[in-house]
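Structure first, then comments.
The values are calculated or read from the model by the stated rules, or taken from the named source; none is laboratory data. Only a predicted model underlies this, so the values are computations on that prediction, with no experimental measurement involved. Here the Cβ positions follow ideal geometry from the backbone for every residue, glycine too, while neighbour counts run over all protein chains shown. Areas reflect the complete protein model, heavy atoms only, side chains present, ligands, DNA and RNA absent. Shrake-Rupley method; radii C 1.70, N 1.55, O 1.52, S 1.80 Å.
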Amino acid sequence: MERFYKKSNPELKRTTLNWRIYDLVKKGIIERVGKGIFKIGENKFYKPNLDSKTKSVFKKILENFPYLEVCIWNISILNEFSQHISNNSLIIIEVEKEVSESVFLFLKEQNPNVFINPNSLTLEHYVFSAPNPIVIKNFLSESPVQKVSQYTTITIEKLLVDIYCDKDLFSYYQGRELQTIFRNAFEKYTVNTTKLLRYASRRGKKKQLNQTVIQIIGNKG
């Protein structure tokens with residue numbers, strides 16, 4: 001953006017440039033998708049549609065652990081982006097590591113199909129075949145989450161990073177399906193690449209994910 005304006009007006013002051021960019025964003029002509037990164041169009045923020053069962057589980061957790069930081073979502077929301085529709089209704093809950101065992105035991109009393117940080121074998125032999133399974137994971141600090149109504153859930157950036165990093169948990173959504181999900185997410189919504197890569201860095205996958213995004217988004221065919 002700066003190079004574009006400087007090319008036609010090399011003497012343009014920084015304050016004037018910032019004001020022009022601000023005005024374009026405010027009018028919806030361009031949108032900010034990262035630090036110093038813009039694209040033409042208006043911001044389209046992603047807000048996942050949580051089903052009633054997921055909301056109910058969230059409420060039960062907060063009733064018993066009122067000061068707990070919880071992020072919850074249902075894997076079924078991936079049907080919006082994927083090519084193949086899945087009937088999987090797996091609920092994913094992220095809580096602080098110190099209380100994950102307590103939350104696990106609490107939910108286990110109501111649903112036998114609750115699993116805590118399952119490995120690949122547990123996922124394959126038990127989780128994926130269980131009715132209405134719930135997976136509890138450790139919440140990573142500074143994860144990009146959002147409030148949708150009263151529920152704390154994922155952002156589009158966290159969604160993309162998690163399905164990329166947690167290949168065992170999201171084995172159904174790898175390969176071509178992963179490419180489809182990324183393309184559809186970037187086309188339908190505003191994805192903040194700075195936030196995306198910052199979270200990927202927290203998960204130790206910044207370089208790999210950045211290369212994957214460039215390959216997928218740069219190749220529409």
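For a quick check: with amide H placed at 1.01 Å from N, whose amide H comes under 5 Å from E96's, ignoring anything fewer than 5 positions away on the same chain?
Those qualifying (amide H under 5 Å, at least 5 residues apart or on another chain) are E69, F139.
Taking amide hydrogens as modeled 1.01 Å from N in the peptide plane, which residues meet the under 5 Å criterion relative to W73, leaving out close sequence neighbours?
Distant-sequence amide H within range of W73: I92.
Got a number for the accessible area of H84? Probe 1.4 Å, square angstrom, nearest 10.
Looks like 100 Å² after rounding.
For the pair K167/S102, report the inter-label distance in nm, with labels modelled 7 Å from Cα in the Cβ direction.
3.6
Would you mind estimating how fast the range 85-174 diffuses translationally, via Stokes-Einstein at 25 °C and 0.890 mPa s with the Kirkwood radius over Cα pairs, in µm²/s? Before the final figure, lay out each step's value.
Values: Rh = 14.0 Å.
Translational D for this selection: 175 µm²/s.
In terms of solvent-accessible area of protein heavy atoms at a 1.4 angstrom probe, what is the ranking of F115, F58, highest value first? Kindly include the intermediate steps, with their values, before the conclusion.
Values: F115 35, F58 5 Å².
Result, largest first: F115, F58.
Using the basic label-point model (7 angstrom from Cα toward the beta carbon), what is the Q208 to Y126 distance in nanometres?
Distance between the two pseudo-spin positions: 2.6 nm.
Hey, if we sort D168, D162, D51 by accessible area with the 1.4 Å probe, largest down, what's the order? Walk me through the intermediate numbers first.
Numbers: D168 90, D162 0, D51 50 Å².
Largest accessible area first, the list is D168, D51, D162.
Could you pull the Cα extents of the range 145-221 along its three principal axes, largest to smallest, in whole Å?
39, 26, 26
Rank these residues by their accessible area, most exposed first, probe 1.4 Å: R183, R176, R203, R198.
Numbers: R183 40, R176 195, R203 75, R198 135 Å².
The ordering from most to least exposed comes out as R176, R198, R203, R183.
For the range 99-142, what does the alpha-carbon gyration tensor say about shape, rounded, prolate or oblate, given a ≥ b ≥ c as the root eigenvalues, a/c under 1.5 as rounded, and a/b over b/c as prolate? Intermediate values should be presented prior to the final figure.
On the way: a/c = 2.40, a/b = 1.24, b/c = 1.93.
Judged from the Cα gyration tensor, the range 99-142 comes out oblate (a/c at least 1.5, b/c at or above a/b).
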